[in-house]
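**Q** Submitted below is the structure of interest, expressed as structure tokens.
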Amino acid sequence: MKNDHIDIDRARAELLSAIKPHVPFDGWSEPSFRAAVADLGIDSGLARVICPRGAVDLAVEYHRAGDALMLEKVAKADLSGMKFRDRIATAVRFRLEVSDPELVRRGAAVFALPQNAATSSKLVWETCDKIWRALGDQSEDYNWYSKRLTLSGVYSSTVLYWMGDTSDDHAETWEFLDRRIEGVMQFEKVKGKLLKLPFATQILGTIRAPKPRDDMPGKEAR
């Protein structure tokens, strides 16, 4: 790879492709990052400009690449005849199906570290925000937050289950996902009853979805 007139996004994508074969053996680690840099023949200093946190930045890139693939599958699929709960389940399933379980396991180990906890939470929020938007969510009140918060719980727990699932075609994971979404639907029924209380309406009526900003959840600031 030449170092002059470099395309940062393309270089990051090439580093991601180069590091993938090393991750199952060494994780999203410094040795894996150095191996990817060596495989590409890119200057190590330039690689640090592209990915200041090394392999962690490439783990983030891998997650966001999975989001992009999921959105492509949602856009091509005909979900119009499904119940909304089934559309959500399908989108989450698409998101997992485009991922490599071993790369995700290794990523989970990295994102579990205290210094990466905020990044991990942000990535999960981004994924859930993209799912809701892809399914046509236009909420501008407190529902903007509650939808993403509840889906974040469903998504996170399903990923953990999926990583350890050895059933054929991850059949047990999809059953687990259905149960988790059913739990959310029951919560929504309870929430609906609570919202009939006068004080709840007064409090929640002041909450609005955030305006587009680079530092808000769901934005992809590096």
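**Q** Does residue 175 satisfy being assigned to a helix (DSSP H, G or I) and modelled with pLDDT of 95 or more?
**A** yes
**Q** Could you say which residue among 55, 89, 11, 65 is surrounded by 14 or more Cβ atoms within 10 Å (Cβ to Cβ) and without any contact (Cβ under 8 Å) to a residue 40 or more places away in the chain?
**A** 11
**Q** Please specify each residue of segment 137-171 satisfying the condition of being in contact with a Lys or Arg (Cβ under 9 Å, 6 or more places away or on another chain) and on the phi > 0 side of the Ramachandran plot.
**A** If the condition is that a residue be in contact with a Lys or Arg (Cβ under 9 Å, 6 or more places away or on another chain) and on the phi > 0 side of the Ramachandran plot, then 170 is the only one that fits.
**Q** Okay, moving on. So which residues in segment 25-52 are touching a Leu at 6+ places or on another chain (Cβ under 9 Å), in contact (Cβ under 8 Å) with a residue 24 or more places away in the chain and under 23 Å from residue 115 (Cβ atoms), if there are any at all?
**A** Those that are touching a Leu at 6+ places or on another chain (Cβ under 9 Å), in contact (Cβ under 8 Å) with a residue 24 or more places away in the chain and under 23 Å from residue 115 (Cβ atoms): 28, 33, 47, 50, 51.
**Q** If I ask for residues that are part of a helix (DSSP H, G or I) and at pLDDT below 95, which ones from segment 61-85 would you list?
**A** Passing the criteria: 84, 85.
**Q** Tell me, yes or no, whether segment 114-128 has at least one residue that is surrounded by fewer than 20 Cβ atoms within 10 Å (Cβ to Cβ) and more than 29 Å from residue 34 (Cα to Cα).
**A** Yes: one or more hits.
**Q** Scan segment 134-172 residue by residue and report those that are loosely packed, with under 13 Cβ neighbours inside 10 Å and either within 16 Å of residue 90 (Cα to Cα) or of a type in the set (D, E, K, R) (or both).
**A** Of everything in segment 134-172, those that are loosely packed, with under 13 Cβ neighbours inside 10 Å and either within 16 Å of residue 90 (Cα to Cα) or of a type in the set (D, E, K, R) (or both) turn out to be 136, 140, 168, 169, 171.
**Q** Return the residues of segment 28-60 that are charged (D, E, K, R), farther than 14 Å from residue 16 by Cβ and in a helix (DSSP H, G or I); say none if nothing qualifies.
**A** The answer is 30, 34, 48.
The values are calculated or read from the model by the stated rules, or taken from the named source; none is laboratory data. These numbers come from a predicted model, not from an experiment. So basically every Cβ, Gly included, is an ideal-geometry build from the backbone, and we count neighbours across all protein chains shown.
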